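The values are calculated or read from the model by the stated rules, or taken from the named source; none is laboratory data. Being a predicted model, the structure only gives us computed values, none of them experimental. No Cβ is skipped: glycine too gets one built from the backbone with ideal geometry, and neighbour counts run over all protein chains shown.
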Amino acid sequence: MQPITWKIKTFDELSTVELHQIIEARIEVFVVEQNCPYPEVDGSDPKAIHLWAENEGEVIAYCRIFEPGVKYSECSIGRVLTHQNFRKLNLGKTLMRFAISTIEARFLKTSIRISAQDYLLPFYKEFGFTPTGKSYLEDNIPHSEMLRL
């Protein structure tokens with residue numbers, strides 16, 4: 001395995017190759033692996049900051065970050081993933097630390113709202129997120145809204 005490279009870019013800074021790799025990773029995890037056919041390209045990418053880890057040209061961890069007022073009144077983090085072949089490396093924890101730091105540095109905010117798959121609630125609690133009590137099914141997967149103040 002080659003060294004892991006972390007990248008962060010706005011939509012306009014992404015190359016077409018990078019955008020393709022990001023969408024490919026999101027489809028692999030959210031559509032194929034989770035067996036959940038849904039429109040992965042949702043129109044929000046141009047409004048996002050894209051943060052990802054790369055290894056040998058492959059996106060192995062990813063999330064997108066939104067400023068306040070785009071998804072929620074608070075900042076938000078979404079489409080959080082780690083490629084299944086790299087899940088034992090704690091990349092998800094590093095990704096979340098980078099995402100939270102990015103929000104604090106770029107937007108000077110600390111409150112962040114997310115939509116989390118229920119099985120990941122303990123993971124997000126490690127970063128100070130607490131469930132808001134709003135639970136719902138999204139694409140037949142139980143989700144909960146969480147807030148970090």
Legend entry - Residue that is farthest from residue 4 (Cα to Cα) [pool: residues in the range 70-108 that are among the polar types (S, T, N, Q), modelled with pLDDT of 95 or more and surrounded by fewer than 16 Cβ atoms within 10 Å (Cβ to Cβ)]: 73
Legend entry - Condition broken by residue 11, with the remaining ones in (1) within 25 Å of residue 104 (Cβ to Cβ); (2) surrounded by 15 or more Cβ atoms within 10 Å (Cβ to Cβ); (3) not acidic (Asp, Glu) satisfied: (2)
Inset, instruction - Looking only at the range 111-130, decide whether some residue is surrounded by 13 or more Cβ atoms within 10 Å (Cβ to Cβ) and in contact with a Cys (Cβ under 6 Å, 6 or more places away or on another chain). - result: yes
Legend entry - Residue among 67, 28, 24 that is in contact (Cβ under 8 Å) with a residue 24 or more places away in the chain and either crowded, with 20+ Cβ neighbours inside 10 Å or under 30 Å from residue 149 (Cα atoms) (or both): 67
Inset, instruction - Give just the number: which of (1) in contact with an Asp or Glu (Cβ under 9 Å, 6 or more places away or on another chain); (2) surrounded by 16 or more Cβ atoms within 10 Å (Cβ to Cβ) does residue 142 not satisfy? - result: (2)
